[in-house]
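The values are calculated or read from the model by the stated rules, or taken from the named source; none is laboratory data. Values in this document were obtained by computation on a predicted structure and should not be read as measured data. Note that we place each Cβ from the backbone using ideal geometry, even for glycine, and neighbour counts take in every protein chain shown. In case anyone asks, the SASA skips ligands and DNA or RNA and just uses the protein heavy atoms, side chains included. Shrake-Rupley method; radii C 1.70, N 1.55, O 1.52, S 1.80 Å.
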Amino acid sequence: MRYRRLPDMYDVLPFPPDRDPWLHAARWRYVETVFSEVCRRFGYREIRTPVLEPTELFVRNIGEATDIVSKEMFTFTDQGNRSVTLKPEGTAPAARACIEHNLFTAHPQLKLYYIGQNFRYEHGQKGRYRQHQQLGVEAFGAADPAMDAEVIALAMTFYEQLGITGQQLRINSVGTPQTRPAYREALRDYVRPFLAQLSPEGQKRFERNPLRMLDTKDENDLRLLANAPRLVDYLDPESREHFETLQRYLTRMGIPFQVDHRLVRGFDYYTHTVFEITSDRLGAQNALGGGGRYDHLVQDCGGPSVPGIGFGLGMERCLIALHELGIALPVPDESPFVFLITLGDPTVVRPLAVQILADLRRAGFPADMDYRSHRFPAQVKRADELGARYTLILGDTEATQGVIQLRDQSTKEQRAVALDALIPTLRTLA
Ligand code: AMP
């Protein structure tokens with residue numbers, strides 16, 4: 001019996017696989033480090049929340065009519081008879097945790113980041129996985145569009161730092177829960193005469209969640225919607241002012257953007273600003289990441305009235321874009337600095353080698369040896385395969401004389417070093 005991973009899941013491997021070299025753990029770590037450093041530069045602190053949350057948290061806040069809640073959640077009943085859900089997004093859990101730990105009292109402006117796993121039961125599209133990782137931030141407490149601009153600037157700085165170019169930022173405003181019903185009806189009125197010509201998905205959305213009709217890739221739907229009323233024309237003066245100020249700030253920051261009147265995104269909790277960053281390197285699933293403002297979410301989760309804005313960037317999409325752009329990441333060298341090789345009587349040299357290896361590691365050197373073979377050529381081959389910088393060769397003679405042969409693997413130079421001088425000598429070479 002051989003087991004395989006579940007559909008639309010992936011493994012991240014210790015060596016770059018031939019087919020998808022981006023599924024290489026060292027690259028993931030590098031990108032995560034860049035993201036954490038950019039977040040720290042912008043004054044964001046890390047939060048980690050559980051992968052399981054009460055189902056209600058998502059149903060109520062993401063919205064029952066959204067794709068995520070209506071068909072994509074991994075929900076089950078646990079042994080305590082609770083309905084629990086593997087988190088499909090990071091914002092509602094972050095809000096839940098901040099309320100639960102009373103963080104808003106001491107920190108009226110609270111800026112958080114996370115690197116977390118999301119679970120959505122997706123249906124076999126390229127670039128869509130059932131477990132995917134998001135790099136996210138949530139900035140709570142300020143309703144000022146300067147906060148929107150900061151959050152967007154953080155995402156753009158992150159991509160810039162990685163060397164990703166050619167991505168597009170699109171922004172829109174979805175207004176407020178007060179202004180949206182009027183727009184929703186205007187949109188329905190516009191579509192009603194040719195509803196029968198709309199795709200089946202479009203027709204479903206017409207009933208359940210009309211704004212989502214705009215978020216389509218169907219060519220015919222796009223043609224039918226070309227002259228649809230625009231959200232921006234239904235904004236109240238305050239929302240419009242917010243949107244215009246954000247655009248002024250982005251311009252001042254030198255961040256190019258496009259206003260996209262069809263951008264609505266898949267969560268009901270958004271208010272005012274929504275944005276998405278796309279890359280033409282990704283094919284059909286071209287969204288690198290996106291986010292938006294959610295001024296009522298904290299209150300809807302049972303907390304105080306605290307506005308917020310955040311984003312989630314797809315880790316897989318980011319790594320695929322880096323790969324497509326041919327950007328080689330400076331991933332840290334995982335080869336051993338020294339590799340110990342023994343020859344001669346194993347009962348004499350092996351115990352000493354094991355002790356030296358422990359001392360080297362305690363002193364901080366990446367050091368290794370071959371436990372499988374005592375044959376000299378096999379051990380040398382292993383050292384080469386692992387790309388060791390130095391080998392240390394310990395034979396019977398060396399063991400009795402208290403020395404070891406130190407060999408530079410690139411120059412092939414070799415010299416004997418007294419065992420008690422080994423660590424200081426290696427320090428001069430590191
Ligand atoms: P969302 O939380 O839906 O706004 O998604 C934010 C970003 O996460 C998207 O722009 C994608 O880059 C990424 N993403 C969302 N869902 C998936 C998925 N199923 N597989 C891979 N990446 C995803």
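One table, with the values for the structure above:
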| read-out | value |
| --- | --- |
| Ranking by accessible area, most exposed first, for LYS126, LYS71 with a 1.4 Å probe | LYS126, LYS71 |
| Segment 279-335 and segment 50-91: distance between their alpha carbon centers, rounded to Å | 20 Å |
| THR411-ASP384 FRET efficiency (beta carbon distance; Förster radius 22 Å; 0.05 resolution) | 0.95 |
| Gaussian network model of the chain, Cα within-10 Å springs - most flexible of MET253, MET315, MET147 | MET253 |
| Summed side-chain charge close to GLY43 - residues other than GLY43 whose Cβ falls under 14 Å, Lys, Arg +1, Asp, Glu -1 | 0 |
| Three-way shape call for segment 360-411 based on the alpha-carbon gyration tensor, with the a/c threshold at 1.5 | rounded |
| Contact order normalised by residue count of segment 229-325, Cα under 8 Å, 6+ apart, percent | 19 percent |
| Normalised contact order of segment 338-429, rounded percent, pairs of Cα under 8 Å and 6 or more residues apart | 30 percent |
| Dipole moment magnitude, nearest 20 debye, the chain about Cα centre, only Lys, Arg, Asp, Glu C-beta charged | 540 debye |
| Pairwise Cα inverse-distance average, inverted: Kirkwood Rh of segment 338-429 (Å) | 13.0 Å |
| Longest site-free stretch - the chain; sites: GluC sites (Glu not before Pro), DSSP loop, at most 15 other Cβ within 10 Å | 65-333 |
| Size of the chain as Cα extents on the principal axes (Å, biggest first) | 93, 51, 49 |
| Förster-model FRET efficiency, 22 Å R0, ALA328 and GLU37, C-beta, rounded to 0.05 | 0.70 |
| Formal net charge of residues neighbouring TYR234 (Cβ-Cβ distance under 12 Å; K, R +1; D, E -1) | +1 |
| Those residues of segment 347-364 whose amide nitrogen sits under 18 Å from the label point placed on HIS374, 7 Å along Cα→Cβ | 347-357 |
| Helix axis angle, 25-41 relative to the chain longest principal axis, alpha carbon, degrees | 60 degrees |
| Alpha-carbon centroids, segment 189-267 and segment 20-49: separation in whole Å | 32 Å |
| Cα-centre dipole for segment 338-429 with unit charges at Cβ (Lys and Arg positive, Asp and Glu negative), debye to 20 | 200 debye |
| Gain in span if fully extended, MET9 to LYS126, counting 0.36 nm per residue against the direct Cα distance | 41.0 nm |
| On Cα atoms only, tilt of 237-252 relative to the major axis of the chain in degrees | 40 degrees |
| Lysine pair count for the chain [Cα-Cα under 22 Å; pairs on different chains or 8 or more apart] | 9 |
| Average accessible area per residue (Å²) across the chain - probe 1.4 Å, nucleic acids and ligands excluded | 50 Å² |
| Apportionment of accessible area to carbon and sulfur, segment 338-429, percent (1.4 Å) | 53 percent |
